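The values are calculated or read from the model by the stated rules, or taken from the named source; none is laboratory data. Predicted model only: the values in this text are computed from it and were never measured. Neighbour counts run over all protein chains shown; Cβ positions are idealised from the backbone, glycine included. Just so you know, the surface numbers come from the protein's heavy atoms only, side chains and all, with ligands and any DNA or RNA stripped out. Shrake-Rupley method; radii C 1.70, N 1.55, O 1.52, S 1.80 Å.
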Amino acid sequence: MTTLVNQLPLRAPVPAHHGQPVLDVVVPVYNEQACLERSVRRLHSHLCDTFPYPFRITIADNASTDDTPLIAARLTAELPETQWLRLPEKGRGGALHTAWSRSGAPVLAYVDVDLSTELTALLPLVAPLISGHSDIAVGTRLVPGSRVVRGAKREVISRCYNILLRSTLGVGFSDAQCGFKAVRRDVAERLLPLVKDSQWFFDTELLVIAERAGLRIHEVPVDWVDDPDSRVDVLATALADLRGIARIGRGLARGSLPTAGLRRDAPDAADGGLSGQLLRFGVVGAVSTVGHVSLYAALCATTTPQAANALALLVCAVANTAANRRFTFALRGRAGAVGHQAKGLLIFVVGLALTSGCLGVLHQVAPSPARATEIAVLVAAGLAATLLRFLLFRAWVFPVRRRGRGAAAA
C-alpha cells in the first residue's frame, strides 16, 4: 500500500446491492487455541443472523506457536465466509495493518478474540460507515449508556490512560483501547501507512492521527465484560503506550504528522472555488466588522481611540481567522490551527497599521472629530483591510490546492 497525498473524496454510502463482502471483521490472535473456535463460530452465527450485507471474517494469526493455526484452517474449511491469514511476526497492530491492507471490503473492522464486547453493538458500529456518515467508528466503555464488568485495577488503569491522552494530546474520543473498532477502506488506505506502532498502541496512534486530520469518529457505547484469562502484560503495555504518547506528542509539536492526504474535499471551498469562498468570506467579514465596530465603541468609553481599536481588532482577528478556517476554506481538526492563527495575527498587524494609520490621519486633520466620523473612517479602512486579508488568507495562510493535485509527499 502506497502513501497517497490527494484529498479524500466525499463520503458516499455503500450500494445496497453489493456482490462482494461489505464488511471484513478481523480477529487478531496469538496462541488462542482455547477460545478461537468458540468465538469465531459465535461471531459467524451472529453475522449470519443479523448483518444484512455479505461479510467476511479474517482470522489474523500473528505467529502463534500452539494449535491456533490448525483450528483456524479447520474453521476456514467449514465456514465459507471465513478466511485465515498467517503472519510471521507477533503484534496485534501489525496483524491489523496487514489484514486491513489486503482486504477489498469497503468497511473494515476488528474484534478481540475473547468477544468481551457484546456483539449486539457490531451493527451500530459499522452502520455509520456503510451509510457514509462517518470515517471511523469505535466502541467505548467510558460514556453513559455503556455497561462494563471488570475489576477495579483494570478500570483505574483504563480511565487513567484515557485521561492522560486527553491532557497530553488533547484528544476528543473517550476510549482508545476498546478492542472493537471499524474504519472505511478508503480512509484505511491513507491512514495505515502513517501508523508506526505494530503492537497495542496501534489503536491510539490511528485515532490520534485521524482526529488531527479532521476525520469524523463515531463512538458507540458497548456492553463489555472483562476476560479474567487475559494475558496482556499490563506494565509492559503501559510503558510502551507512554513511549507512543511521547512520540506522537513530539510529532504534533513539530507539525511532522503528514495528515494532509486524509482531509476530505468539501464542495466549493475544497477545490478553491473563488465565488463560494468570496461569499463565505464576505459573510464572516461582515460579522467581524460589526463586532469590531461595536467593541470599539464600547471600549472608547474607558480608553483612547487607538487602544480601543487595537484591542477590538485583536479580538476580532482571532475569531475571524478561526471562522474563515472552518467556513471559508473548509479546514477541520486541530492540525495546523496554531500556525494558521500565528499567520492570522501577522495579518492583524497589517490591518492594525492600516486602520490606526487612517485614524491617525483623521485626528491630524480634525483633532476632535465626531464619533460618527471616526466610525465611518474606521469602516472604510476596515473594508480595505478585509480585502487585503482575503488575498493573504487565500495565497498564504490557507493556500488553495486544486482537487486532484498532490500536496507535498509525506
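Taking the criterion of being more than 15 Å from Arg185 (Cβ to Cβ), open to solvent by less than 40 Å² (accessible area, probe 1.4 Å), in contact (Cβ under 8 Å) with a residue 60 or more places away in the chain and not in a loop (DSSP other than H, G, I, E, B), would at least one residue in the stretch 106-117 satisfy it?
Checked the stretch 106-117: at least one residue is more than 15 Å from Arg185 (Cβ to Cβ), open to solvent by less than 40 Å² (accessible area, probe 1.4 Å), in contact (Cβ under 8 Å) with a residue 60 or more places away in the chain and not in a loop (DSSP other than H, G, I, E, B).
Among the residues of the stretch 169-194, write down those that are out of contact with any His (no Cβ under 6 Å at 6 or more places or on another chain), in a helix (DSSP H, G or I) and under 14 Å from Leu207 (Cβ atoms).
Matches in the stretch 169-194: Leu169, Val187, Ala188, Leu191, Leu194.
Just one of the numbered conditions (1) open to solvent by less than 40 Å² (accessible area, probe 1.4 Å); (2) closer than 25 Å to Arg263 by Cβ is not true of Arg185; which one?
That leaves (1) as the condition not met.
Okay, residues lined up against (1) assigned to a loop (DSSP other than H, G, I, E, B); (2) open to solvent by 90 Å² or more (accessible area, probe 1.4 Å); (3) in contact with a helix residue (DSSP H, G or I) (Cβ under 7 Å, 6 or more places away or on another chain):
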{"position": "Tyr53", "(1), (2), (3)": "yes, no, no"}
{"position": "Ala60", "(1), (2), (3)": "no, no, yes"}
{"position": "Thr65", "(1), (2), (3)": "yes, yes, no"}
{"position": "Ala73", "(1), (2), (3)": "no, no, no"}
{"position": "Thr76", "(1), (2), (3)": "no, no, no"}
{"position": "Pro80", "(1), (2), (3)": "yes, yes, no"}
{"position": "Leu85", "(1), (2), (3)": "no, no, yes"}
{"position": "Lys90", "(1), (2), (3)": "yes, yes, no"}
{"position": "Gly93", "(1), (2), (3)": "no, no, yes"}
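Per-residue answers, yes or no, for (1) at positive phi; (2) of a type in the set (A, V, I, L, M, F, W, C):
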{"position": "Asn62", "(1), (2)": "no, no"}
{"position": "Ala77", "(1), (2)": "no, yes"}
{"position": "Gly91", "(1), (2)": "yes, no"}
{"position": "Leu108", "(1), (2)": "no, yes"}
{"position": "Pro124", "(1), (2)": "no, no"}
{"position": "Ala137", "(1), (2)": "no, yes"}
{"position": "Pro144", "(1), (2)": "no, no"}
{"position": "Arg154", "(1), (2)": "no, no"}
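For the stretch 155-176, how many residues meet the condition of being open to solvent by 60 Å² or more (accessible area, probe 1.4 Å) and touching a Ser or Thr at 6+ places or on another chain (Cβ under 9 Å)?
Final tally of qualifying residues: 1.
All but one of (1) within 15 Å of Gly91 (Cα to Cα); (2) modelled with pLDDT of 80 or more hold for Val232, so report the exception by its number.
That leaves (2) as the condition not met.
Select, from Leu207, Leu165, Leu129, the only residue that is touching a Lys or Arg at 6+ places or on another chain (Cβ under 7 Å) and assigned to a helix (DSSP H, G or I).
Leu129
Using the structure shown, decide if Lys153 is outside any strand (DSSP E or B), over 26 Å from Ile248 (Cα atoms), modelled with pLDDT under 95 and charged (D, E, K, R).
Considered against the rule, which asks whether it is outside any strand (DSSP E or B), over 26 Å from Ile248 (Cα atoms), modelled with pLDDT under 95 and charged (D, E, K, R), Lys153 comes out as yes.
Against the conditions (1) open to solvent by 20 Å² or more (accessible area, probe 1.4 Å); (2) at pLDDT 80 or above, where does Ile248 fall short? Just the number, please.
Here Ile248 meets the rest and fails (1).
Residue under question is Val27, and the condition is that it be closer than 24 Å to Gln199 by Cα, touching a helix residue (DSSP H, G or I) at 6+ places or on another chain (Cβ under 7 Å) and part of a helix (DSSP H, G or I); does it hold?
Criteria not met by Val27.
Take Leu142 and decide whether it is out of contact with any Lys or Arg (no Cβ under 6 Å at 6 or more places or on another chain) and in a loop (DSSP other than H, G, I, E, B).
Here the answer is yes, as Leu142 does meet what is asked.
Please go through the stretch 131-154 and pick out each residue that is under 23 Å from Glu205 (Cβ atoms), among the aliphatic types (A, V, I, L, M) and open to solvent by 20 Å² or more (accessible area, probe 1.4 Å).
If the condition is that a residue be under 23 Å from Glu205 (Cβ atoms), among the aliphatic types (A, V, I, L, M) and open to solvent by 20 Å² or more (accessible area, probe 1.4 Å), then Leu142, Val143 are the ones that fit.
Across the stretch 210-223, which residue is farthest from Arg247 (Cα to Cα) among those that are open to solvent by 10 Å² or more (accessible area, probe 1.4 Å) and assigned to a loop (DSSP other than H, G, I, E, B)?
This residue is Arg216.
Please determine whether any residue of the stretch 121-130 is over 13 Å from Ala182 (Cα atoms), among the β-branched types (Val, Ile, Thr) and open to solvent by 10 Å² or more (accessible area, probe 1.4 Å).
No: zero hits.
Which residue out of Ala323, Ala330 is within 16 Å of Thr289 (Cα to Cα), small (Gly, Ala, Ser), buried (at least 17 other Cβ atoms within 10 Å of the Cβ) and touching a residue at least 12 places away in the same chain (Cβ under 8 Å)?
Ala323
Among all residue pairs at least 6 apart or on different chains, which show Cβ distances below 6 Å where the first residue, located in the stretch 376-395, is of a type in the set (Gly, Ala, Ser) and the second is part of a helix (DSSP H, G or I) and open to solvent by 50 Å² or more (accessible area, probe 1.4 Å)?
Ala381/Leu354; Ala385/Leu354
Identify all residues within the stretch 15-51 that are surrounded by 18 or more Cβ atoms within 10 Å (Cβ to Cβ) and of a type in the set (A, V, I, L, M); write none if there are none.
Val22, Leu23, Val25, Val26, Val27, Val29, Leu36, Val40, Leu43, Leu47
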